[in-house]
Every structure is written in structure tokens, then in C-alpha cells.
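All of the numbers you see were taken from the coordinates with simple rules; none came from a lab. Remember, it's a predicted structure, so these values are computed and weren't measured experimentally. Quick reminder, even Gly has a Cβ in these numbers, built from the backbone with ideal geometry, and neighbours come from all protein chains shown.
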Amino acid sequence: MAVFRRGYERYDGPLTGPVTRFMAIPRFAWGKILSQRFVVVLLVLSLFWPLLCAGFVYVSNHADLLPNLGGMQGPMAKLLEINGKFFAVFMNVQSTFAILLAAIAGPGLVAPDLANNALPLYFARPMSRWTYIGARMMVLFGILSLVTLVPGLFVFGMQASLASTAWLQANWWLGQGLVLGFVLYIAMVSLVALACSAYVKWRVVAGALVLAFFFVLAGAAQMINQILRVEWGSLLNPGFAIYTVWCALLGVEAVEDAPGAWECFAVLMLMLGGLLAVLLRKLRPVEVVS
Amino acid sequence: MLEMRRAFFSKRALWVYLLALFPAVIFVGHGISVKMQRSEFAGKSVVSAAVLDRVTVGTLDTEVLAAAGQPLLDRSWERRDVKRRTLMYFDGSRRVWFEFENGALRDTRRRELSSMEEDRKIYAGMFQYFYLRLAVFFGCLGIFINLFRGEMIDKSLHFWFLAPVRREVLLLGKYCAGLIASAVIFGGGAVLSFGALLAYQTNADLQAYWQTDALYHGTWYVISAMLGCVGYGSVFLAAGLLLRNPIIPALVMLLWESINGFLPDLLQKLSVLHYLQSICPVPPPMDPNVPPLLRLVLAPAEPTSAWVAILGVLGVTALVLYVASRAVRRLEINYGTE
């Protein structure tokens, strides 16, 4: 048959499974991201704090071996206690590394596809917009888990194994709070990175925008609070909002006179909704050139 | 002209304008709120400041009501079996809130309707913590990185290189275009926010400030913002030229500037921010969010004298531009790697 007589018709051969299709993007992207030297350096740097915390957990469970500290009595016991505050501080420090990683790794995920008009190539396959976003988020979820969830669970697991069963029974919800808090945080940071990447199309500018999102909003929130003599300005600061939610999840007393956990959670949901809307608006399989 | 038009009027410039004008907008909003409060409290009953100042922690709410009379606000509620009550009074210039728990005074908050002194400190904090550290930083990042890296991403840099102009001259031209745009935007932003700060002050306060420090302070704030554009601009221009991913040096610089206050004196002087803060007329108040433990290690270096600071930033800029000019001369365009 002559070539010009061949019409395009739907592929009717065997399809790969939905999970394999979903994981196709992360599989290649992870390799590419982990080949960047700066990402590896950041990953290594991000492990120092968990190691210090693990050391602290060890000391707190072996304080009786240090006679100079007076065992686990008195003020030292309070200082060495592993509680919600300890995990809140741990999460706070690790979250900074997550932002830096997202600023480096995130912009390269969507921007090149948009800049090179490659989206039709993805959407011509059995892949919806939601699958595409989910797969791209999965890439960041995997990378950011390495600095958040994995070390967090390691430290929690270490404490659970070193302390008595009674500690685990009384504090299992700390582990639950840690996982929920980090999952929410990863979702937010990933959406910020993807939305910035889709919004500006340029990898370099998108990286700057991710940093600006967190740093400038934090500064702007502080400025509003100071100038207007209010407290609600803190709601604009995603770092503060997520920290307040973490404190609620870990049973830690949050900042006094500041917006509560539910208000912060609502604002975070609004932010996530807005970022998702930006992503959906920018990720279209067709482009209208006027 | 082409670059300047792009820096002033492109879609991306909107974000730079937003950063530069945001403080002015907030100060205007605060000004409106203060004026509304002044007119609201103008006809309200005034309680002598001496009476309100005599109230101490532990005083009963009935005693306060007997001494100060009917409050402007009386709110009661119960939470976790604790009865809480808030009474608010006005002494002509300040509002005073008394917070009671189970009938006894727990806390007192005082807030002036407006205080020039306090506003000036807040402006100094806003200018150094937000404007210089974040707005000028990210604004310059957006403007100056685009000058070369943006052209490479757009695959249009070769058009510039085909023009019969030496590359060093091209680099200088692009830098001047970015500098004029950023200096006008951020200098203008500083003028507007300072103007907004003065706009709602009382006539007496305004006149006193105007006759003493207002012009001096305003001028140095503007110079400081412009000098920030000079310093950060040159660094980001060079970063955009020398590196494929200029975000990494920007990130390092941002972190370096953020931890500046915690570093030893000598290292503090290796940052643009130190010199910009040195020429700011009012030292910033301590960030209230800094934890007490960190406050102990926070030791800002002695400010450098204004002229040394200006010459220092200009000298570093000249050096960075020289390095960039050497780099642009050897630059080979390879769009494929972008």
C-alpha cells in the first residue's frame, strides 16, 4: 500500500500496566536528578542533622552511663527528653533542605517540556494530565523523602527501639504526626516547584521563583505583622503555617497570639489549591498560537 | 534602550514592581487604618494615663472598673474552665487592654494609635530585613540574570554578538540598562514607602522630623537601595554569564547573607548586605522571631563608614564586571546545552 494511503489509526497492541506507565517518568527523572553534583552535595549535607539527632537520641537513652549528667533525674531529664518539641525542631531543620532541593531539582521537571512543546508527546500516550502531575510529583516525593521522611522515620525508629515499649505505646502518635506532617509538607513544596516551573517555563527563573516563594512570603508576612501590628500576617508565610500544623500534630504548644492550627491548615489548603490551578492551567496538551 | 524597555515593561517586570511597591502599599494601608482609628477615637471617653498605669498584675476586674469607669470594650468568654475577660480603655494617645483570668489581671497590653518613633524603627527593620535582603536581592536576580542567560535560553544572544560592538561594551551596556531599571524601580519603591510612612504622621511629629532627620534618612535609604542594585546586579550578571545554572550561586549568596549576623566580624564584611546596612541611617531592631539561644550568638559587626561602604561596593562591582568582561570575550554560544 502506498504510504500516502496509510491513515493514522489507534494503537491496539498490548498496553503496559498503569503503575508501570505512572512510574516511567519518575524512573528516568530520578536518575537525571541524582546525577547532578549539587543535589548529591545537598543530600549529604542534609544527613548531618539527622545524625546529630540520632546521637542525641542515643545519649538520651543512655544518660545513666554518663554519671556527670546525674542520670535521668532532675533538669537533665527534661533537657534530654524525646518529645514532640524534639521532632518539631528536627522537622523544621530538615524542611530547609527540602526547599533547597526543590529549588534545584523541581524546575527541571516541567519547564523543559513546556519550553520545547513536548507535552503533546506525553498526552498522546495513555496518560492524563493528572497522571502527568502525579508522576512529576512522585519524582519530587522520592527525592524530598530522602531528606524528610526517611531520616525522620529513622530517628523515630531508633528512639522506639532504644526506649521501652511503654514509650512507644505512649508516643506512637509522634510517628504518625511526623509522617503526616512531612507528607503535607512534601506535597506543598512539590506543588510550589512544579507550579513555578510551569509558570515561567525557564528552569533558571523557576528555581529563583521557588526560593522567592518561601523567602519573600516569609519576609512579607513578617512585614505585615510589624507594620499593621497584627498577627494574621503569619498566615501568608508557608513555613510558619506548616510549622503550626506540625506543632498541632506533635502536641507541641504553638506560638502564642498567632493564628491557630486549623486556620493555618485552611490557608495551606488554599495555597495548594491555587498552585494546582496554576499547574492545570499551564499544562495543556494543545497550544493555541494567536 | 532595548534592554531597558524590556526590564521596565516586560511581563516579568510586574513581579519586580510588586516586590518594590509592596512595602509602600502596606504603609499606605496602615496610614488609612491609623487615620480611621484617630477619627473613631476622637469622640470617645478618655481615662487618665496615670490611672491606667497604676493597675498592676493581680488586680481584680471590679477594682479596675471602679477606678477607670466604663471601658470602651468589655468582652468575656470561657475556655477550659477559665473565665476570661478583656477590658479596653483609651488615654488620649494609647489604647490599653487588660486581660483577666478568673477575675484577676493576667496581662496588660498598651498600643499607641501611632508613634513616629516606633514607625521609624519598624521602617528600618522592614527596609533592612525585607527590602534589601529579599526584595532588592530577588528583583536584581530576576533582572540581571535575564540579561545574558535569558538571551541564551531564548537562543537570541548571537544577534547581539553579530552587532559591530565590542563584547565588553555590550556587557557594560546591558549592565547599565539593568542597573538603571532596577535603581529606578527600587529607589522609587524606597521613596514611595518612606513617603507613605510620613503621610499619616501628625503635623507636629512630621514637622519635627522634617526639620531634623527626614531628608537625611530618606536620602540614605534611597542610596542604599540603589547601591544594592549596583552590587547584587553585578554579581548576578556575572553568574548568568559564567554558569549554566546561576541559581546555585544565588542560593549560596542568599544563605550567606541570611547567616551574616551569626558570622565573625571579618566574614560579615565579605557580604554586600553588611555594606548596605552600614549606610542605612537607623539600625534595625532585633528580629522578634529569632529564638533566645540564637540571639546570644547574633553579633552584628561594627558598621563600616558610609564612604568606605560605598567605595567598597563600587570596587567589588568593578572587579566583578572586569571578570565578566573577560568571560564574555571568550564566550562561545552553545544553545544545545540549555
For B:K269, counting only lysines whose alpha-carbon sits under 26 Å away and dropping same-chain residues fewer than eight positions off, the answer is B:K121
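Averaging over all projection directions, find the projected area of the Cα convex hull of segment B:34-87 and quote it in nm² with one decimal place.
So the Cα hull casts an average projection of 5.0 nm².
What are the chymotrypsin sites (Phe, Trp or Tyr not before Pro) within segment A:1-51 that DSSP puts in a loop, where the Cβ has at most 10 other Cβ atoms within 10 Å?
Taking segment A:1-51 and a limit of 10 other Cβ atoms within 10 Å, the loop chymotrypsin sites (Phe, Trp or Tyr not before Pro) found are A:Y8, A:Y11.
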Zone reached by a paramagnetic label modelled 7 Å from B:E332 Cα along Cα→Cβ, restricted to segment B:243-267 with backbone N below 18 Å, covers B:243-244
Given a Förster distance of 22 Å, the FRET efficiency implied by the Cβ-Cβ spacing of A:Y11 and A:A115, rounded to the nearest 0.05, works out to 0.20
Taking Cα atoms, the helix A:129-145 axis meets the longest principal axis of chain A at an angle in degrees (rounded to 10) of 30
Net charge near B:S48 (other residues with Cβ under 15 Å of its Cβ; Lys, Arg +1; Asp, Glu -1) is +3
For B:R38 and A:Q36, extending 7 Å from Cα along the Cα-Cβ vector and measuring point to point gives, in nm, a value of 5.2
If unit charges are put on Cβ atoms (+1 for Lys and Arg, -1 for Asp and Glu) and the dipole of segment A:7-160 is taken about its Cα centre, the option from A:I99, A:Y11, A:A135 lying farthest towards the positive end turns out to be A:Y11
Hull volume per residue for chain B, using the convex hull of the C-alpha atoms, in Å³ is 190
Exposed trypsin sites (Lys or Arg not before Pro) being those in a DSSP loop with at most 14 other Cβ atoms within 10 Å, the longest stretch of chain B free of them is B:245-338
The Cα radius of gyration of the protein assembly as shown, divided by 2.2 N^0.38 Å with N its residue count, comes to 1.11
Any aspartates and glutamates whose Cα falls less than 17 Å from that of A:K201, other than same-chain ones fewer than 8 residues away, would be A:D113, A:E287, B:E151, B:D154, B:E338
The computed P(r) of segment B:1-153 puts the percent of Cα pairs beyond 25 Å at 55
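From the C-alpha coordinates alone, can you work out the Kirkwood hydrodynamic radius of segment A:16-282, in Å?
Across segment A:16-282, the inverse of the average 1/r is 20.1 Å.
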Length-normalised contact order of chain A, Cα under 8 Å, at least 6 apart, in percent, tallies to 22
Taking Cα atoms, the helix B:13-41 axis meets the longest principal axis of chain B at an angle in degrees (rounded to 10) of 20
Helix A:238-250: inclination vs chain A longest Cα principal axis, degrees, rounded to 10, gives 50
The simple spin-label model distance between B:R5 and A:S164, using points 7 Å out along Cα→Cβ, in nm, is 7.9
Expressed in angstrom and rounded, the centroid-to-centroid distance over alpha carbons for segment B:1-80 and segment B:211-248 is 31
In debye to the nearest 20, the charge dipole size for the protein assembly as shown, taken about the Cα centre with +1 at each Lys and Arg Cβ and -1 at each Asp and Glu Cβ, equals 2360
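Any chance you could run the full-extension gain for B:S115 through B:L65? It's 0.36 nm times the residue separation minus the Cα-Cα distance, nm to one decimal. Spell out each step's value before the answer.
On the way: separation 50, 0.36 × 50 = 18.00 nm, distance 2.75 nm.
The B:S115-B:L65 span can extend by a further 15.2 nm.
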Sorted by chain and number, the residues with a modelled amide H under 5 Å from that of B:R84, at a separation of 5 or more or across chains, are B:W77, B:E78, B:R79, B:N102
